[in-house]
Every structure is written in structure tokens, then in C-alpha cells.
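Everything below concerns the one structure shown next.
The values are calculated or read from the model by the stated rules, or taken from the named source; none is laboratory data. Quantities reported herein were computed from a predicted structural model and do not represent experimental measurements. Reconstructed Cβ throughout: ideal geometry from the backbone, glycine too, with neighbour counts over all protein chains shown. Keep in mind that these areas ignore ligands, DNA and RNA; they rest on the heavy atoms of the full protein, side chains included. Shrake-Rupley method; radii C 1.70, N 1.55, O 1.52, S 1.80 Å.
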Amino acid sequence: MGPPGAGKGTQAKKLVERFGMVHLSSGDILRTERASGSLLGRKLAQYMDAGKLVPDDIVVSVMAKAMTENSGEAGLLLDGFPRTVPQAEALDAQLARAGKPLDAVVVMTAEPDMIVRRITGRRSCPACGRVYHVEFMPPRKAGECDACGGPLVQRSDDAEAVVRDRLATYNRQTAPVVDYYRRRSGLKRIEVDGGRDADDVLAQLTKAFESFGASSR
Ligand SMILES: [Zn+2]
């Protein structure tokens, strides 16, 4: 769990390479379900196209389906879900039915200014898909793709006002989920500063996962 820009997706990819869990990113799963054209997918499209938040019951149905279809032996790593307290309660109920409780919660924190700096600096090349960062990974010539020379663009989601808005939504809806898990006894927890160097964060998370009983592949 953690705000946008804390590095959840990046770390999740590295952790599943090492420990072999199945990575279930809610963003990817919602987009895939939508593209499938299923009944759930068509409902999703109605909300997403209107720029509205997808209701909890629909998110929970889509994630429950993905979790049932991907029950790997090394377990699941949920990324971006649950995002609200009702989603967390629904997840608990489903895991109780399946007899597979949550093992651990990983919380990645980051300062709002760092998040804004990370996200608003992203640029990509629509022609070839390369991704840059104006500060941390700049192209050789400003605004131009190194690989194909095409003009670089910023995603509308990455504009500062939108990022501040996403952060406010996180603080309002998702920060209470972190408290929900903090209050629970017996649940393993780790909190890391996602604003630090990605390799340091990975080292810290790897150590924690090993102490939780995960074994490397
Ligand atoms: Zn390009």
C-alpha cells in the first residue's frame, strides 16, 4: 500500500521475480477486465469513461475473480487493492471463506513534494513507448526521444493538479485502510520510506519478506 509515486509497482515487479508470488495490480486487472468485454468489463467501462471512481462492489468482484484464477503456490502480492475500508472488509470476508488469511501488509510512504516531483517529471514517446524523466532520466535533447526523435509528451494524469488530487483521494480513502491494518494484532507489517533509492528500498523489503517466511526462487 502507498500513495501514487511511492514506487509500489516498481518494487512489486522485483519482489515477484525474487519470491515467485503472482503480482495482482488492480490497475492492470481492471483494464484487462474492461478490455475483455465481459458484463463486469462493460460496467467498469461506464465508470472509467465518465472519469468516475469505480464502486467498491465492482472492484471487489473483479479482484476476487482474479485472485481465484491466480492462486499460485507462493501466494499473491496485491498492489493497489484494497483501496478503501469497505474493500478491505470485503477482502477479509473472501479470504476467510477461502481459508487463506493475509500474511503481511507492506506500507510504502513518500513525501508529497517528492511524489509530485517524480510523477510530474515523467515524459514518454507516443511513437515508440520509451519513458523518460526530465530530472532523473532526461533525453539527450529536451523534449525529443533519443531512440526515434519523436516529440515527448506528458500523460494528462501526470499533470501537477491531477497528481495533487490523486494524493488527496489517497489520504481520504486509502490512508484509513493503513490504520485498519495497523489496529489488527498478529498481522505482519513493514513500513518503508519509498522516497529513498529504489535499490535500498528493495533490500529492506527483501529482508522483511524473508523474515515473513517467503523463500527466494
Ligand atoms: Zn521514441
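Among the residues of the range 123-154, which ones are within 8 Å of the ligand (Cβ to nearest atom) and among the acidic types (Asp, Glu)?
Matches in the range 123-154: ASP146 only.
Check LEU53 against each of (1) open to solvent by 80 Å² or more (accessible area, probe 1.4 Å); (2) over 26 Å from ASP179 (Cβ atoms); (3) not small (Gly, Ala, Ser) and name the one condition it does not meet.
The number of the failed condition is (2).
In the set PRO101, PRO86, which member is away from the ligand (no atom under 16 Å from the Cβ), within 22 Å of PRO176 (Cβ to Cβ) and modelled with pLDDT of 95 or more?
Among PRO101, PRO86, only PRO86 is away from the ligand (no atom under 16 Å from the Cβ), within 22 Å of PRO176 (Cβ to Cβ) and modelled with pLDDT of 95 or more.
Kindly establish whether MET63 is open to solvent by less than 60 Å² (accessible area, probe 1.4 Å), away from the ligand (no atom under 16 Å from the Cβ) and either part of a helix (DSSP H, G or I) or at pLDDT 90 or above (or both).
When the stated conditions are applied, MET63 passes them.
Show me the strands (runs of 3 or more DSSP E) entirely contained within the range 107-217 in which 1 or more residues are without any contact (Cβ under 8 Å) to a residue 40 or more places away in the chain.
122-124, 131-133
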